[in-house]
Amino acid sequence: MSQPVTESTDYPAGEAALPDGLTRRQFLRRAGVSSGALVIAFNLPLGRQAGAAEAAQRMQPNAYVAIDLDGTVTLVNDKSEIGQGISDGYVNVLAEEIGADLAKVRMAPIPTDPSSWGSRMSVSGSRSMRGAWSSLRTAGAQARSLLVQAAASRAGASADSLYTEAGFVRSRSGDLAIPFSELVADAALLQPPENPTLKDPSEFTIIGKQDARMRIRDQVTGKAVYGMDVQPEGLLYATIERSPVFGGSLKSYDDSSARQVPGFVRTLVVEPNSRAGVHAGVAVVAESYYAAAKARAALRVQWDAGANANLDSDQVLEELKQISTRPLEDPEVHGDFDAAYSSAARQLDATYSSPFLHHMTMEPMNCTAHVRADSCEVWAPTQGQGGVQGTAASLTGLEESSITVHTPHIGGGFGRRLKGDFAYEALYVAREFDRPVKLIWTREDDVRYGGYRPMSVLRGQAGLDAQGRVQAISMTLATQDRFGAPHIYYDVPNVRVGKNSASNDIPTGAWRGIHHNHSAFYLESMMDELAHLAGQDPLQFRLNHLADDSPYAAVLREVADKSDWGSPLPAGRARGVALGGELAGTFVAQVVEASIEDGKPVVHRVVCAVDCGIAVSPGSVKAQAEGSILYGLTAALYGEINIRNGGVVQSNFHDYMPLRMNESPEIEIHIMPSERDPGGMGEPGVPPLMPALTGAIYALTGERVRDMPIRLNRA
Amino acid sequence: MATYQLQINGESRTIDAEPDVPLLWVLRDEMGLTGTKFGCGMGLCRSCTVLIDGASSFSCMLPISSAAGKAITTIEGLAEDGELTPVQQAWVELDVPQCGYCQTGQIMTATHLLSDHPQPSDAQIDAYMSPVVCRCGTYPRVKAAIKRASELFYEA
């Protein structure tokens, strides 16, 4: 992302380098663990690999499992909860390997010192479980082994005759049951084995079977504290009026009316910082949020629009269409596309497009900061704590070790909270005050100053032979997207794919599923069109182009079975099917059942087959798949950010429409059994939805939707 | 500035505020009742839902002057002495929330729905719940939890 990131190369080595000179014991005490607990220090691979410095510290401990004297198991780690349920997954893995009572496993608060913590803290890319799986299991198995050893010496039994279950070490003969609490003191004195024996998946009683539900109770009683809810003593409130044009600058402003608002404190200019994604603005600070908002409304500001005064997404679309017809800059080539295409029995030549999209998290961006002479505290609902700490250091001139980053509950991320712009702004303003300042973005700010999923256009060409097999595919993607090019997972002998890059000043960012979304829409739409050109069933046609033992074929067969693909439907309904490209080690296929009512698509049912390897926490896997389907459906039906005169047209939920309860289809998630290591689940459920829905619309009406969002009878 | 008497979660509170301040910001910033969420400021998402005389109402556009004297229940006022209401119990049982930010609106609106229609039809659920926006996609579980809460009412 574009926020400034301070690379720390001075990583902790052992106890001396822990935050604020803490010893490990003191550090763990802060996490709520008492001295005398059995502690396993281990390494969770970093969220993102970013160079040699991080590679060098891959083996440093950055996570701890502690079993306390009362038998409570605590995991200290850096992955924040943004609604994806990662805490449930981690707790499941640990409880399983240790043989702990699931109800007695807790997550310590997210550490507040990202740099000392020894990893660049972030949560993204559906990688939290993939990265942690084997480290967590090993740490859990080490703890189990020590508890078993302690029990063996106490009872004079052989370790082989003992096992753990629900917080007890038991003997297989059934005559021994010692609670962990009685063994911790002895076990803590033993040396953990380097290569402990992991449980065989056939012995799992928690992984894949139970759900920990770590956070629900606070969420249903209003007690969970989100970034928006942080209220340190002496709090001031800030809101920022920003340039209506991307890249615009401040000419002048008059705050004489704003000053009349009771509670007004002061205004200050926010200088733009393109690297940090921060726009020119005027901040208004007041004693209450409402006073700040009222004073902001009373500002009179003159802006210099600058170079982007006429920037328009319709023009961007036209430009991308042009670019999509040019030869590929750096194509990936297999076989000879041109020869195979020109000799094809039937040809497809089509252009598709996808608009800019906003994340629209339910909690608007916000951040609270308190900058003191020698220290700084930040409360940041962020997916990237490491970046926030670096930003704070560069804005305040303080050492990273003097900066505390608290991670409150987070009201949705979807990629938006990887950008650090809101934290930069909060720190920028808070530097001017000796009191804490909470910056709140209005919903309008949130919509207009996002990091948008980039617009893209795809020129797709493909050729079928006389038997209806695809002999050639070419995909030319035109976009400013920095993420990947299309990838063809079907067996096609002659392929030419790649990306032609565009650029403009519209701010972009990672959006749940990143380029997999438009890639799946384009490739799966082409396959659907080709199936119809070949006169074949769209699902069977896809299977014809996949190896029988491919995981893609497996999820397709599963979704065909579970959706009764091919069985009759009520009049006016049809099905569509699509895959998504492998994402985070996970494969997904969906079948959408839709009708058209009042000229608009209505989705009745979505059947989804998921192969995510071992589904650690099946409830979370299903929740993520359900959420991804509705996220994709929202984008398919409504998602579109337009730029006119250099700024975003949309502003709130009335013109950037969310899906609502009455539009929410029946959803069935089918998780495939697997012994493969876990894949990610935050994103892979999103990409198949759009092409599956447009496939259903084609089956129903004969109208091929090639442009998102779906508008029927566009021509 | 004016002085208002508010009945919040069964307690009488005296608040000095500008007459046009929305109830939402009084609850959050003056009373520390932050369970009621700011989502859109225009009554479009309903994250700010409270019960006013038993009816679900969005607090982000309701001036404090209009809320005075009425019985206001926030999410913090549902569970008594730590005992969850059937709606909250059903939410926990079916693992409804993901990020959780909209769930105040979902739970308060569902509470109103079930007091009007203890055994709601799908159409009634849609009618009451569709104004309440969730971006994590918890609608299927919200719907199932409302039906479960309805059962729990009758079991109780």
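Key figures
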{"quantity": "Output for segment A:288-330, where each listed residue is among the basic types (Lys, Arg) and surrounded by fewer than 16 Cβ atoms within 10 Å (Cβ to Cβ)", "calculated": "A:Arg300, A:Lys321, A:Arg326"}
{"quantity": "Residues of segment A:644-655 satisfying the condition of being in contact (Cβ under 8 Å) with a residue 60 or more places away in the chain and either of a type in the set (D, E, K, R) or facing chain B (nearest Cβ under 8 Å) (or both)", "calculated": "A:Arg644, A:Asn652, A:Phe653"}
{"quantity": "Filtered residues of segment A:210-253 (kept if of a type in the set (Lys, Arg), more than 24 Å from the chain's Cα centre (by Cα) and surrounded by fewer than 24 Cβ atoms within 10 Å (Cβ to Cβ))", "calculated": "A:Lys223, A:Lys251"}
{"quantity": "Selection status of B:Glu76, in contact with a Gly (Cβ under 7 Å, 6 or more places away or on another chain) and either at the interface with another protein chain (Cβ under 7 Å from one of its Cβ atoms) or part of a helix (DSSP H, G or I) (or both)", "calculated": "yes"}
{"quantity": "Pairs where the first residue, in segment B:1-17, is within 14 Å of chain A (Cβ to nearest Cβ) and surrounded by fewer than 18 Cβ atoms within 10 Å (Cβ to Cβ) and the second is assigned to a strand (DSSP E or B) and small (Gly, Ala, Ser), C-beta under 9 Å, 6+ apart", "calculated": "B:Met1/B:Ala17; B:Ala2/B:Ala17; B:Asp16/B:Ala2"}
{"quantity": "Filter result for A:Arg557 (modelled with pLDDT under 95, within 31 Å of the chain's Cα centre (by Cα) and among the basic types (Lys, Arg))", "calculated": "no"}
{"quantity": "Selection count, segment A:493-529, where residues are part of a loop (DSSP other than H, G, I, E, B) and either in contact (Cβ under 8 Å) with a residue 60 or more places away in the chain or not assigned by TED's automatic domain parsing to the domain that holds A:Ser343 (or both)", "calculated": "12"}
{"quantity": "Exclusive hit being within 14 Å of another protein chain (Cβ to nearest Cβ), of a type in the set (S, T, N, Q), in contact with a Phe, Trp or Tyr (Cβ under 6 Å, 6 or more places away or on another chain) and buried (at least 22 other Cβ atoms within 10 Å of the Cβ), set A:Thr382, A:Thr407, A:Thr368, A:Thr391", "calculated": "A:Thr368"}
{"quantity": "Flag for B:Pro131 being touching a residue at least 60 places away in the same chain (Cβ under 8 Å), in a loop (DSSP other than H, G, I, E, B) and at the interface with another protein chain (Cβ under 10 Å from one of its Cβ atoms)", "calculated": "yes"}
{"quantity": "Check on B:Gly43, free of Cβ contacts under 8 Å to residues at least 40 places away in the same chain, under 25 Å from A:Glu287 (Cβ atoms) and surrounded by fewer than 24 Cβ atoms within 10 Å (Cβ to Cβ)", "calculated": "no"}
{"quantity": "Residue among B:Leu62, B:Leu51, B:Leu44 that is within 9 Å of chain A (Cβ to nearest Cβ) and at pLDDT 95 or above", "calculated": "B:Leu44"}
{"quantity": "So A:Ala291, is it farther than 30 Å from B:Leu24 by Cα and modelled with pLDDT of 95 or more", "calculated": "no"}
{"quantity": "Cross-chain or 6+ apart pairs with Cβ under 6 Å, segment B:77-96 first and in contact (Cβ under 8 Å) with a residue 60 or more places away in the chain and closer than 19 Å to B:Thr34 by Cβ, then of a type outside the set (S, T, N, Q) and surrounded by fewer than 17 Cβ atoms within 10 Å (Cβ to Cβ)", "calculated": "none"}
{"quantity": "Hits in segment B:29-41 - residues which are in contact with a Phe, Trp or Tyr (Cβ under 8 Å, 6 or more places away or on another chain) and either of a type in the set (Asp, Glu) or more than 13 Å from chain A (Cβ to nearest Cβ) (or both)", "calculated": "B:Asp29"}
{"quantity": "Candidates A:Gly685, A:Gly695, A:Gly680 - the one that is in contact (Cβ under 8 Å) with a residue 24 or more places away in the chain, of a type outside the set (Lys, Arg) and in a helix (DSSP H, G or I)", "calculated": "A:Gly695"}
{"quantity": "Residue list for segment A:656-683, restricted to those being away from chain B (no Cβ under 14 Å) and under 19 Å from A:Ala520 (Cα atoms)", "calculated": "A:Gly679, A:Gly680"}
{"quantity": "Extreme residue, nearest to A:Gly679 (Cα to Cα), among residues of segment A:106-140 that are at pLDDT below 90 and either among the aliphatic types (A, V, I, L, M) or not assigned by TED's automatic domain parsing to the domain that holds A:Ile40 (or both)", "calculated": "A:Met129"}
{"quantity": "Matching residues, segment B:81-92, being more than 9 Å from chain A (Cβ to nearest Cβ) and surrounded by fewer than 18 Cβ atoms within 10 Å (Cβ to Cβ)", "calculated": "B:Asp81, B:Glu83"}
{"quantity": "Residues that are assigned to a loop (DSSP other than H, G, I, E, B) and either in contact (Cβ under 8 Å) with a residue 24 or more places away in the chain or of a type in the set (Phe, Trp, Tyr) (or both), drawn from segment A:660-677", "calculated": "A:Ser664, A:Pro665, A:Met672, A:Ser674, A:Glu675, A:Arg676, A:Asp677"}
{"quantity": "Matching residues, segment A:418-465, being more than 14 Å from chain B (Cβ to nearest Cβ), under 25 Å from the mean Cα position of the chain (by Cα), small (Gly, Ala, Ser) and surrounded by 24 or more Cβ atoms within 10 Å (Cβ to Cβ)", "calculated": "A:Gly420, A:Ala423, A:Ala426, A:Ser456"}
{"quantity": "Which numbered condition B:Ile125 fails, given (1) in a helix (DSSP H, G or I); (2) over 25 Å from B:Cys40 (Cβ atoms)", "calculated": "(2)"}
{"quantity": "Some residue of segment A:134-147 being over 21 Å from A:Val76 (Cβ atoms) and either surrounded by fewer than 22 Cβ atoms within 10 Å (Cβ to Cβ) or touching a Leu at 6+ places or on another chain (Cβ under 9 Å) (or both)", "calculated": "no"}
{"quantity": "Selection status of B:Thr104, of a type in the set (Ser, Thr, Tyr), closer than 25 Å to B:Cys60 by Cβ, more than 7 Å from chain A (Cβ to nearest Cβ) and not in a loop (DSSP other than H, G, I, E, B)", "calculated": "no"}
{"quantity": "Identity of the residue in segment A:487-516, among the small types (Gly, Ala, Ser) and under 28 Å from A:Leu543 (Cβ atoms), that ends up surrounded by the fewest Cβ atoms within 10 Å (Cβ to Cβ)", "calculated": "A:Gly498"}
{"quantity": "Strands (runs of 3 or more DSSP E) enclosed by segment B:1-57 - at least 1 residues per element that are out of contact with any helix residue (DSSP H, G or I) (no Cβ under 8 Å at 6 or more places or on another chain) and over 30 Å from A:Val447 (Cα atoms)", "calculated": "B:2-8, B:11-17"}
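The values are calculated or read from the model by the stated rules, or taken from the named source; none is laboratory data. None of these values were measured; they are calculated from a predicted model. Cβ: placed from backbone, ideal geometry, glycine included. Neighbour counts: every protein chain shown.
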